[in-house]
Amino acid sequence: MRVAVYSAKPYDVQFLTAANAGHGHDLAFLEARLSVETTPLAADTDAVCAFVNDDLGAAVLEQLADLGVRHIALRSAGFNHIDLRTAERLGIPVTRVPGYSPYAVAEHAVALLMALVRKTHRAYNRVREGNFSLVGLTGFDLHGKTVGVVGTGQIGAVFARIMLGFGCRVLAFDPYPSDECRALGVQYVELEELLAESHIVSLHLPVTPQTRHLIDADRIALMRDGVTLINTSRGLLVDTLAVIEGLKSGKIGLLGLDVYEEEADLFFEDLSDRVLFDDVFTRLLTFPNVLITGHQAFFTVEALENIASTTIGNLTAAERGEPLPNRVVVD
Ligand code: NAI
């Protein structure tokens, strides 16, 4: 297949090229993000390969269909950024990478948590400046704390297991509880109870119309004073303005984010010599108790290899007209 690979970074080129050995797809790597302006770059291609911040709304899909694109291979697990109904109406199958390394994301959530709890992000800068004072760097033990895991699918289950290893009590909320988590000692409760009891709340669920702004002002009000909130899932799960109010009042004591509602205009690009116009994001950056990474939880060698091999496998199955086990279907 001839494939237009949008939002291609050097690591995408490296891992997809390696995975393509023996498959023979003609991969056209494009730095541009997919949008109504950049769809013409997919002319004369059979498939489009897209990432999390590419625009796969109705207008883009209509244009791609007109160009003859007959497959969309997402190189992500999440698929909230594609208008699946339009893709289905246009007869364009969509595949994704359902699980490439739950460990990568769960371990990054732990990395954010640990850095915040022990203030490592601040200690790093202090020591480099010859400031060895400990004043203001008091942390707390995770052992014995209550951790609330919202969503115990692949990633949430790994995160819960790690937290149990720290000696935490783990509460979870998921409409489909996992027997494996229960067997490990995870206790399923209603969301309200989880929020009220947890010292740490970590989000591991997809964003849907029902879960958009799941963490809003009302739910923040239910939380413990000084709660630690970690979001490595999707930015839209959290009402950022409500979180900022929670930080200002002290209700939220620590905040770790790998995702942000409006990240599409920021993340994955070097904007270090530009003025940032997102006043909400820049407000977040001013808090000493907030740690933000730019959607890098997935970014390990193991995950990149799995993403590349599954994506190339999806393209090969589509080319051969074989069943598509990783096809995303409309509910
Ligand atoms: P998964 O599909 O294995 O698990 C999601 C779980 O959420 C399921 O058990 C489901 O029942 C549960 N769920 C659905 N609605 C819920 C609700 N209203 N309340 C509580 N639980 C609910 O998904 P996986 O692979 O564990 O991914 C979790 C999240 O991590 C997704 O949002 C995904 O987009 C995100 N992600 C982030 C990455 C990053 O680099 N930051 C990389 C990969 C995934």
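None of the figures in this text is laboratory data; all of them are computed from the coordinates on show. Keep in mind it's a predicted model, so treat the numbers as computed, not measured. Positions of Cβ are backbone-derived with ideal geometry, glycine not excepted, and every protein chain shown enters the neighbour counts.
Mean sequence separation of contacting Cα pairs (under 8 Å, at least six apart), scaled by the length of the stretch 2-112, corresponds to a relative contact order of 23 percent. Whole-Hz Karplus values for the stretch 171-177 come out as 9, 9, 10, 6, x, 10, x Hz, taken residue by residue from phi with 6.51 cos²θ - 1.76 cosθ + 1.60 and θ = phi - 60°; glycine and proline positions read x. Once the Cα atoms are used to define both axes, helix 240-249 deviates from the longest principal axis of the chain by about 10 degrees.
Annotation for Y176 and V280: the two label points, set 7 Å from Cα along the Cα-Cβ direction, are 3.0 nm apart. Beta bridges assigned by DSSP with both partners in the chain are antiparallel in approximately 5 percent of cases. Between 0 and 90 degrees, the angle of helix 154-165 with respect to the longest Cα principal axis of the chain falls at about 30 degrees.
Considering all different alpha carbon pairs of the stretch 250-331, the Kirkwood hydrodynamic radius works out to 16.3 Å. Lysines within cross-link reach of K251: Cα-Cα under 26 Å, excluding same-chain residues under 8 positions apart? Of all the lysines, those that pass the test against K251 - Cα under 26 Å, at least 8 places apart if same chain - are K119, K145. Sorting 291-303, 205-217, 52-64 by their mean Cβ neighbour count within 10 Å, with the most densely packed peptide first, gives 52-64, 291-303, 205-217. For the stretch 242-310 versus the stretch 98-157, the inter-centroid distance based on Cα atoms is 14 Å. Dividing the convex hull volume of the alpha carbon atoms of the chain by its residue count gives 150 Å³ per residue. Principal axis extents of the Cα atoms in the stretch 38-144, from largest to smallest and rounded to whole angstrom, are 63, 33, 19. Within the listed set S35, S233, S272, the Gaussian network model of the chain (springs between alpha-carbon atoms below 10 Å) gives the highest mean-square fluctuation for S272. Remark on V201: its backbone amide H falls under 5 Å from those of G148, T228, L229, I230, a criterion applied only to residues 5 or more positions apart or on other chains, H modelled at 1.01 Å from N. Excluding same-chain neighbours fewer than eight residues apart, the aspartates and glutamates reachable from K248 by a Cα-Cα span under 18 Å are D216, D218, D225, D239, D279. The Cα center of the stretch 207-240 and the Cα center of the stretch 68-95 differ in position by 28 Å. Computing FRET efficiency as 1/(1 + (r/R0)^6) for S133 and E62, where r is the C-beta to C-beta distance and R0 is 41 Å, gives about 0.10.
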